[in-house]
Amino acid sequence: HAPETWTPPVISDGRLFIAEQGGTLKLAVNGSVQATVLTLTVDAQGERGLLGVALHPSFDTNGFIYVYYTATTPTTHNRISRFTLIGTTAINETVIMDLPTLGATNHNGGAIHFGVDGKLYVGVGDNTVGSNAQSDTTVLGKLLRLNDDGTVPADNPFVGTRSGQARYVWADGLRNPFTFAVQPG
């Protein structure tokens, strides 16, 4: 299963968001950085940090920015959050999902894109535990599919057969999906 297309983090007027591993999200216009719109406290060891950014399909009207980053409290774990861009500042964090506590500093995944179905797709690494990718009880080593408000879509393939966060799984068996793209058409 895969989304049919994805939207890069570019606003319709050509502004571009740049995610930096150390936790800053910057806004560039015509190739020049104009503002730091968000600064997150992250664990940036190894393959951790601010790992992905996606704009809501209706970003031009709602200003919603989704990020995937390694949070430091209460434990070190990856988090999916939504912010609202007002001017050049992202405000009002809404935590969409806190993923399991991490062990290793690599295989964190981090790709995050919207599909044409309006669902949010998120690549989550196996955290160097290969068996996580095949386990039906964890979201590690998976591609997740969420509604834009963080709820589980009713038509996800495992919504009726798995429990907890595992209901968000769209595809199993991924080692480290730190990026993905979908061929249009």
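The values are calculated or read from the model by the stated rules, or taken from the named source; none is laboratory data. Every value quoted in this text rests on a predicted model; they were computed, and no experiment measured them. Note that each Cβ is placed from the backbone with ideal geometry, even for glycine, and that neighbours are counted across all protein chains shown. Areas reflect the complete protein model, heavy atoms only, side chains present, ligands, DNA and RNA absent. Shrake-Rupley method; radii C 1.70, N 1.55, O 1.52, S 1.80 Å.
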Ignoring ligands, DNA and RNA, what percent of the accessible area of the chain is carbon or sulfur (1.4 Å)? 49 percent
Estimated translational D of the range 90-185 in µm²/s (Stokes, Kirkwood radius over Cα pairs; 25 °C; 0.890 mPa s): 180 µm²/s
Rounded to the nearest 20 debye, what is the charge dipole size of the range 28-134 about its Cα centre when +1 sits on each Lys and Arg Cβ and -1 on each Asp and Glu Cβ? 60 debye
Semi-axes of the equivalent ellipsoid for the range 36-141, Cα gyration tensor, largest first, Å: 25, 17, 10
Ranking request for peptides 62-71, 125-134, 145-154: highest mean number of other beta-carbon atoms within 10 Å first, then the rest in descending order. 62-71, 125-134, 145-154
Which one, Ala54, Ala28, Ala171, has the greatest fluctuation when you compute a Gaussian network model over the chain with C-alpha springs under 10 angstrom? Ala28
Selected from Thr105, Thr61, Thr39 as most flexible by GNM, with the chain as the system and alpha-carbon contacts under 10 Å: Thr61
Using a 1.4 angstrom probe, figure out how much accessible area the range 32-185 has per residue, in square angstrom, rounded to the nearest whole. 42 Å²
With N residues in the range 28-97, Rg(alpha-carbon) / (2.2 N^0.38 Å) equals 1.16
Within the chain: Cβ-based charge dipole about Cα centre, in debye rounded to nearest 20 (Lys, Arg +1; Asp, Glu -1): 160 debye
Of Thr161, Thr88, ordered by accessible area with the largest first and a 1.4 Å probe, the sequence is Thr161, Thr88
Charge-dipole axis of the chain as Lys and Arg at +1 and Asp and Glu at -1 on Cβ define it, positive-most pick from Leu51, Ile112, Ile86: Leu51
I want the local charge near Val53. Using Cβ-Cβ distances under 15 Å, sum +1 for each Lys or Arg and -1 for each Asp or Glu among the other residues. +1
